Amino acid sequence: MEFCCEYMTGQLEQRCDLHPDPFDCPDAVLIYDPVSRSYGLPVRDGGSGRIVIKHCPWCGVRLPRSLDEA
């Protein structure tokens, strides 16, 4: 998958040997949900909550519409 900038690519392609679930990894600052096709910032409360974002935090490009958007 191709992303808008090298920072976005680096964050979404990062894999952690200690934490296979990105919600458990403190280094994962961005989550992609392939089911809803949305990007988000993980909420560190022990669950799988996220704050959905619509623009890249690094370059400002508008991200593709998620399936949740009307």
**Request:** Kindly provide the set of residues from the stretch 37-49 that are at pLDDT 90 or above and small (Gly, Ala, Ser), ordered by number.
**Result:** SER38, GLY40
**Request:** Please enumerate the residues belonging to the stretch 39-63 that are under 18 Å from GLY10 (Cα atoms) and out of contact with any strand residue (DSSP E or B) (no Cβ under 7 Å at 6 or more places or on another chain).
**Result:** CYS56, PRO57, TRP58, CYS59, GLY60
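Quick check on the stretch 31-44: of everything there that is closer than 24 Å to GLU69 by Cβ and outside any strand (DSSP E or B), which residue is least open to solvent (accessible area, probe 1.4 Å)? Give the steps one after another, and end with the answer.
Keep residues of the stretch 31-44 that are closer than 24 Å to GLU69 by Cβ, which gives 31-43.
In the following step, the residues that additionally are outside any strand (DSSP E or B) were identified as 34-37, 43.
Working: PRO34: 88, VAL35: 119, SER36: 10, ARG37: 125, VAL43: 51 Å².
Among those residues, the one meeting the criterion is SER36.
Limited to the stretch 53-67, what total is found for residues that are open to solvent by 90 Å² or more (accessible area, probe 1.4 Å) and either outside any strand (DSSP E or B) or not charged (D, E, K, R) (or both)?
Restricting attention to the stretch 53-67, the residues satisfying the condition of being open to solvent by 90 Å² or more (accessible area, probe 1.4 Å) are 54-55, 58, 62, 65, 67.
Next, only the ones that are either outside any strand (DSSP E or B) or not charged (D, E, K, R) (or both) stay: 54-55, 58, 65, 67.
Of the residues in the stretch 53-67, 5 are open to solvent by 90 Å² or more (accessible area, probe 1.4 Å) and either outside any strand (DSSP E or B) or not charged (D, E, K, R) (or both).
Would you confirm whether any residue within the stretch 9-30 is β-branched (Val, Ile, Thr), more than 15 Å from ARG65 (Cβ to Cβ), modelled with pLDDT of 90 or more and not in a helix (DSSP H, G or I)?
First pass over the stretch 9-30, keeping only residues β-branched (Val, Ile, Thr): 9, 29.
Then keep just the ones that are more than 15 Å from ARG65 (Cβ to Cβ); that gives 9, 29.
From what's left, modelled with pLDDT of 90 or more: 9, 29.
Narrowing further to those that are not in a helix (DSSP H, G or I): 29.
Yes, the conditions are met somewhere in the stretch 9-30.
The values are calculated or read from the model by the stated rules, or taken from the named source; none is laboratory data. A quick note: this is a predicted structure, and the numbers were derived from the prediction, not measured. Positions of Cβ are backbone-derived with ideal geometry, glycine not excepted, and every protein chain shown enters the neighbour counts. Protein only, heavy atoms only, side chains kept; ligands, DNA and RNA dropped before computing areas. Shrake-Rupley method; radii C 1.70, N 1.55, O 1.52, S 1.80 Å.
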